[in-house]
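The values are calculated or read from the model by the stated rules, or taken from the named source; none is laboratory data. What you see is a predicted model; the values in this text were computed from it and never measured. All Cβ positions, glycine included, derive from the backbone under ideal geometry; neighbour counts span all protein chains shown. When the accessible area is computed, the model is the full protein with side chains, heavy atoms only, and any ligands, DNA or RNA have been set aside. Shrake-Rupley method; radii C 1.70, N 1.55, O 1.52, S 1.80 Å.
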Amino acid sequence: MNKQTTTSANADKLNLGGRSSELVEQEGNRQDLGFGTKPEASASRLLNKNGSFNVRHINQGFWNRMNIYPRLITMSWLHFLVWIFAAYMVANTIFALIYVWVGTENMMGAENTQVSAFWSSFFFSAQTLTTVGYGHLAPRGFLMSSIAAFESMLGLLSFALATGLLYARFSRPTPHIRFSNVAVFAPYLDVNGWMFRIINERSNQLIDVEIEVSYSRMVTRPDGSRARQYSNLKLERNKVAFFPNNWTIVHAITPDSPMHDCTPEQMNDSDAEFLILMRAIDDTFSQMVHLRYSYRFDEVVWGAKFRPMFNGDTRNMVTVDLNKLDEYDLVPLN
């Protein structure tokens with residue numbers, strides 16, 4: 001190979017490297033929230049109303065699928081108490097059957113009870129599991145005493161675990177932020193704006209509240225393929241130091257907005273969704289809390305304006321009516 005051919009090949013490699021670096025740079029600058037850009041990965045709601053991701057994993061390992069601790073921490077109080085009661089009943093039932101199998105004649109005081117052998121064993125198990133030990137029932141013999149000793153140890157560990165879960169649920173800061181049912185397109189100064197409203201339902205204080213909004217929509221590429229595109233919306237105000245009242249978050253529809261000249265039909269065709277991420281510091285726990293929410297294109301009212309939530313001063317105190325959070329009036333757009 002002569003010198004000229006080698007130089008030409010090296011030049012081709014350099015050009016190819018230049019083109020590749022441009023593609024890499026473009027890919028690096030592309031915004032992606034983690035949901036991907038493929039239509040099949042984004043054909044429905046990305047975020048559920050409760051803030052969970054609308055994604056289902058399959059072929060997981062058993063324990064990864066069970067995810068016991070996070071489930072027990074995040075489930076509702078009713079479900080948590082039901083699971084605790086169910087575990088308590090199942091454990092006592094299992095040990096009651098074991099005691100019946102060993103024989104209630106090995107249980108002192110069982111002959112004086114006015115219930116069946118199973119229920120005598122069940123109540124003895126409950127006394128042993130909780131280490132209450134009323135005294136009128138007691139194990140007799142090595143086997144029965146060994147089973148009762150094992151159950152006592154299991155009861156101590158189980159109640160320590162239940163107490164830890166209970167404390168974790170109480171100590172976990174959870175923001176109770178209420179979002180308006182719909183977002184609106186409303187007149188804003190000399191232009192229009194996309195808006196939604198939030199309020200803290202609890203009396204605890206949130207400070208340094210910060211909000212990010214991403215606009216997700218399907219676009220058609222030059223080659224005719226469809227892909228999901230994400231754009232960060234510039235907000236009128238994305239952070240407040242204090243959050244005692246309601247807050248209306250506004251994105252002004254200016255010429256540089258990704259929603260400029262957008263119509264309801266175009267938003268529908270593009271499967272648009274507004275993804276909201278909120279961060280704040282809970283003053284009670286001195287911990288960071290966060291919340292996710294989203295509005296779909298069919299949850300946006302065009303030509304509407306939120307009504308004020310203030311009821312005026314009552315005994316030198318500003319009163320905010322939470323029932324007015326979702327109220328709005330239809331108005332013409334600019």
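Suppose we keep just the DSSP beta bridges with both residues in the chain; what percent of those would be antiparallel, to 5? Mind dumping the intermediate values first?
Values: 51 of 54 bridges.
Counting DSSP beta bridges with both partners in the chain, the antiparallel share is about 95 percent.
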**Asked** Across the stretch 96-104, in residue order, what do the Karplus-derived ³J(HN,Hα) couplings come to in whole Hz, using 6.51 cos²θ - 1.76 cosθ + 1.60 with θ = phi - 60° and x for Gly and Pro?
**Response** 4, 5, 5, 5, 5, 5, 5, x, 5
**Request:** May I ask you to derive the FRET efficiency for Ser116 and Val90 from their Cβ-Cβ distance with R0 = 22 Å, giving the value to the nearest 0.05?
**Result:** 0.70
**Asked** Considering the Cα trace of the stretch 281-331, what is its radius of gyration and what is Dmax, both in angstroms?
**Response** 16.1, 42
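What is the Cα convex hull volume of the stretch 60-150 when expressed per residue in Å³? Working shown, then result.
Working: hull volume 11.8 nm³, N = 91.
Considering the Cα atoms of the stretch 60-150, their hull volume per residue is 130 Å³.
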**Complete:** For Val331, the residues 5 or more places away or on another chain with a placed amide H closer than 5 Å to its own amide H are Ala304, Lys305
**Prompt:** Once Lys and Arg get +1 and Asp and Glu get -1 on their Cβ, which of Leu235, Ser180, Leu129 lies farthest toward the positive end of the dipole of the chain?
**Reply:** Leu129
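Report the convex hull volume per residue for the chain, counting only C-alpha atoms, in Å³.
Values: hull volume 98.2 nm³, N = 334.
Each residue corresponds to 294 Å³ of Cα convex hull volume.
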**Complete:** For the stretch 209-278 (alpha-carbon point model, no solvent) the Debye-based log₁₀ I(q)/I(0) at q = 0.25, 0.28 Å⁻¹ works out to -1.19, -1.33
**Request:** Determine the relative contact order of the stretch 262-304: mean sequence separation of Cα pairs under 8 Å and six or more apart, normalised by residue count, in whole percent.
**Result:** 41
**Message:** If I model a spin label as a point 7 Å beyond the Cα along the Cα-Cβ vector, how far apart are those points for Leu81 and Asp190 in nm?
**Reply:** 5.9
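In Å, the Kirkwood hydrodynamic radius of the stretch 88-137 over pairs of distinct alpha carbons? Intermediate values should be presented prior to the final figure.
On the way: mean 1/r = 0.0946 Å⁻¹.
Its Kirkwood hydrodynamic radius stands at 10.6 Å.
Counting Lys and Arg as +1 and Asp and Glu as -1, what is the net charge of the other residues whose Cβ lies under 12 Å from the Cβ of Arg202? Numbers along the way, then the final one.
On the way: positive: Arg178; negative: Glu201, Asp282, Asp283.
Residues close to Arg202 contribute a combined charge of -2.
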**Item:** Pairs of lysines in the chain (C-alpha under 28 Å apart; 8 or more residues apart or interchain)
**Value:** 12
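With N denoting the number of residues in the stretch 196-320, provide Rg(C-alpha) divided by 2.2 N^0.38 Å, to two decimal places. Intermediate values should be presented prior to the final figure.
Numbers: Rg = 17.6 Å, N = 125, 2.2 N^0.38 = 13.8 Å.
Computed over Cα atoms of the stretch 196-320, the ratio equals 1.28.
Please work out the average accessible area per residue across the chain, using the 1.4 Å probe convention, and give it in Å². Provide the component values of the computation, followed by the final result.
Values: 20850 Å² over 334 residues.
Accessible surface, normalised per residue, equals 62 Å².
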**Asked** Order of 226-235, 185-194, 57-66 by packing, highest average Cβ count within 10 Å first?
**Response** 185-194, 226-235, 57-66
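Ranked from the most accessible area to the least, with a 1.4 Å probe and all protein chains present, what is the order of Asp329, Asp261, Asp321? Walk me through the numbers before you get to the answer.
Details: Asp329 65, Asp261 115, Asp321 40 Å².
Ranking Asp329, Asp261, Asp321 by accessible area, largest first, yields Asp261, Asp329, Asp321.
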**Sequence of Phe243, Phe159 when ordered by accessible area, the most exposed leading, probe 1.4 angstrom** = Phe159, Phe243
**Request:** Can you tell me the dipole magnitude for the chain around its Cα centre, using point charges on the Cβ only (Lys, Arg +1; Asp, Glu -1), in Debye to the nearest 20?
**Result:** 520
**Fill in**
A correct Kirkwood calculation over the Cα atoms of the stretch 134-215 returns a hydrodynamic radius in Å of 19.0
